[in-house]
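Enquirer: Below is a structure I'd like to ask you about.
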Amino acid sequence: MTSAARLRDAALLHAKNICLAHGTVAALDGVSLDVRAGELLTILGPSGSGKTSLLRVLAGLETPQTADALTIDGADMRAVPAHLRPTATVFQHYALFPHLTAGANVEYGLRVRGVPRAARRAQAERALALLRLADKYDRRIDQLSGGERQRVAFARALVTRPLLLLLDEPMGALDERLRATLEADIRALQQSQGMTIVQVTHSRDEALSMSDRIVVMHAGRVVQTGAPEDIFERPSTRFVAAFMGGGEPHRWPHRADRPAWRAHRLRRADLRRPVDRRTAAAPWPARLPRRARGSCPAWRGRLRRQSAGRRRAHAELPRHHAPD
Amino acid sequence: MDAAFRAAARLLLAAGFGITALIYAPVAWLALLSVSADPLSGWPGGFTTSWYASLSASLGWRAPMLRSLGIAGIVAILCVLAAVPPARAWPRMRRGRVSFAALILLPLGVPGIVLGLLVFTTWRVLFGVHMGAWSLVLSHFIWAYPFALISMLVVTLRTDPSLAEAARDLGAPPLRVLCDIELPALMPGIVGAGLFGFLLSFTELPRSIFTGGQVQTLPLYSFAQASAHSSQIKLIFCLNTLISLASLAAAAVLVVLLRRRTA
């Protein structure tokens, strides 16, 4: 049995060759992903790399044009609508219901499942207590601080006991100190409850400090998958190296500026070259696979017309640091 | 600089109060005249409640009033039902948003008399619509709908689309998402659309002149009485005072209710 096949057997989530286009813009270009039960997997990438789209596909909020496989716990999810999937999402801006109290927000997932009032109140209180919000049950959402809202959103997602918890930039709007405590919270929850978590972030530090594994995405494709140390120490392409290691943000020069344009072209070619074929033990082709375009036959013709726009998307790459 | 700024602010505040007075003063004046001995003189004086007594004794205004209430109610409901779907769709439209909005809002530029005439000539002749209560509903609806839609659009554009997604994600089937999450969020817009539909229909005169046929609404009745210099004309002051107070009270109650909901 190959190692890939063994991973697929142990995988809670298995996604293969997912292609998603918004209009004529390709968001996901043949993405495959395996998530093991009980792990915290981070999808890392610059803005526009398709990481949030991927999360939305997993939650069922977007329907991919093609997907060779999408299973959660062995069940095919491709035809299952969002409200019947065993996933729960913590949205980037929390998406708490403003007309309900914190407690009613947490209870909502149980309410639609027909859990009796007393039972769901007890569960909601337990979930709030777990996140140190025991006394906030009756608060309105606008009376909560940013960190408290974040934790209410967590409690709301946890209380339905999802098989897979999806976090969309969970720390995005929080300050440094809150981030640290929440990172610890998420880690503790994951380990005590045995949760499987997929989180999306553009912050390299967050990804390195709390993940079991990292998936680096770029321009709608997965460019490297591995443990944090592997990604950091043995990036498979210059893009990953630049993204993980810092450096000057790249700017798209004006076409008329000939020297800058030529330098830019060279640099772009360079970005796609492998760092070092001996150290880069990447399972992925070192050069970004051009043929991947063929893996999404559904929108082949459509994307060809868009090729100029796509090229621009590629060139914007090393914009790694979070615009905070 | 600072002093000039403060003076300007004070001036604007005064102007604000002035404009408010412009709106409320005629209502107060009307109320004063309605308890005056000779309302038609235009000056209050010799205060009496006798006009109110004869208003409650007279019967002519009751049927038009009930008819107007009914028509306005139907127009309000139609406005809400017709404004919610496009307003929900609008923020999700990928293209054609501006032209869609322009298409809906441009009829506001058609003068009321012209619109009444259009319904009277076109709808009657081409579609065989009989002029009566339903043609009133139709013309009032055409008039009020753009306002209702604007009121809904303001709310749907402000509503975070991720709320509905969060509800779906938590396991709510589409109908529950609509009832539990979307409708409460849209409630200010729904109330606004209904209010526009009701008030614009209830006070509508120029279109009603053409589309009313034999059916008399309250504004048509008031207009007819006033232009005929009939003995009923003094009662119109009382009637309009009561209507103004009632609609002000209704609007105030709605504002309070909405505040409680959205606060």
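Here, each number is a calculation from the coordinates, and none is a lab measurement. If you're wondering where the values come from, they're calculated on a predicted model, not measured in any experiment. All Cβ positions, glycine included, derive from the backbone under ideal geometry; neighbour counts span all protein chains shown.
Enquirer: If you count, for each residue, the other Cβ atoms within 10 Å and average over each peptide, how do A:217-226, B:210-219 line up from highest to lowest?
Expert: A:217-226, B:210-219
Enquirer: Could you quote the convex hull projected area for region B:1-48, Cα atoms only and averaged over all directions, in nm²?
Expert: For region B:1-48, averaging the hull's shadow over all directions gives 4.0 nm².
Enquirer: If each residue's Cβ is checked for other Cβ atoms within 10 Å, how do B:Cys179, A:Cys19 rank with the fewest at the top?
Expert: The most exposed by this proxy come first: B:Cys179, A:Cys19.
Enquirer: What is the distance in Å between the Cα centroid of region B:25-55 and that of region B:105-141?
Expert: Distance between centres, Cα-based: 36 Å.
Enquirer: Sorted from fewest to most neighbouring beta carbons within 10 Å, what does the list B:Tyr24, B:Tyr52 look like?
Expert: Ranked by crowding around the Cβ, least crowded first: B:Tyr24, B:Tyr52.
Enquirer: Averaged over B:154-167, how many beta carbons belonging to a partner chain fall within 10 Å of each residue's beta carbon?
Expert: 4
Enquirer: Test of the criteria: in region A:37-85, which trypsin sites (Lys or Arg not before Pro) are in a DSSP loop and have at most 16 other Cβ atoms within 10 angstrom of their Cβ?
Expert: Listed in order of number, the matching sites are A:Arg78.
Enquirer: Using a Debye calculation, one point per C-alpha and no hydration shell, please list log10 I(q)/I(0) for region B:60-262 at q = 0.09, 0.11, 0.15, 0.16 Å⁻¹ in order.
Expert: -0.42, -0.61, -0.99, -1.08
Enquirer: Does region B:110-184 come out rounded, prolate or oblate, given a ≥ b ≥ c as the square roots of the eigenvalues of its C-alpha gyration tensor, rounded meaning a/c under 1.5 and, failing that, prolate meaning a/b above b/c?
Expert: Prolate shape, in that a/c is at least 1.5 and a/b is the bigger ratio.
Enquirer: Okay, moving on. List the lysines whose Cα sits under 30 Å from the Cα of A:Lys16, skipping any in the same chain fewer than 8 residues away.
Expert: A:Lys51
Enquirer: If you plug each phi of region B:49-56 into the Karplus form 6.51 cos²θ - 1.76 cosθ + 1.60 with θ = phi - 60°, what whole-Hz ³J(HN,Hα) values come out, in order, with x for Gly and Pro?
Expert: Here the 3J(HN,Hα) series is 9, 5, 5, 5, 4, 6, 5, 5 Hz.
Enquirer: Ranking request for peptides B:68-76, A:64-72, A:153-161: highest mean number of other beta-carbon atoms within 10 Å first, then the rest in descending order.
Expert: Top of the packing list down: A:153-161, B:68-76, A:64-72.
Enquirer: Mind listing the long-range amide H neighbours of A:Gln92? Cut-off is under 5 Å, sequence gap 5 or more, other chains count too, H placed in the peptide plane at 1.01 Å from N.
Expert: A:Asp168
Enquirer: Right, another one. How big is the antiparallel share of DSSP beta bridges in region A:131-237, given as a percent to the nearest 5?
Expert: In region A:131-237, DSSP labels about 50 percent of beta bridges as antiparallel.
Enquirer: What angle, in degrees between 0 and 90 and rounded to the nearest 10, separates the Cα long axis of helix B:133-158 from the longest principal axis of the Cα atoms of chain B?
Expert: 50 degrees
Enquirer: Once both axes come from the Cα atoms, what is the angle between helix B:2-34 and the longest principal axis of chain B, in degrees from 0 to 90, rounded to 10?
Expert: 50 degrees
Enquirer: With springs connecting C-alpha atoms under 10 Å apart, model chain B as a Gaussian network and identify which of B:Val177, B:Val191, B:Val137 has the largest mean-square fluctuation.
Expert: Maximum among the listed residues: B:Val177.
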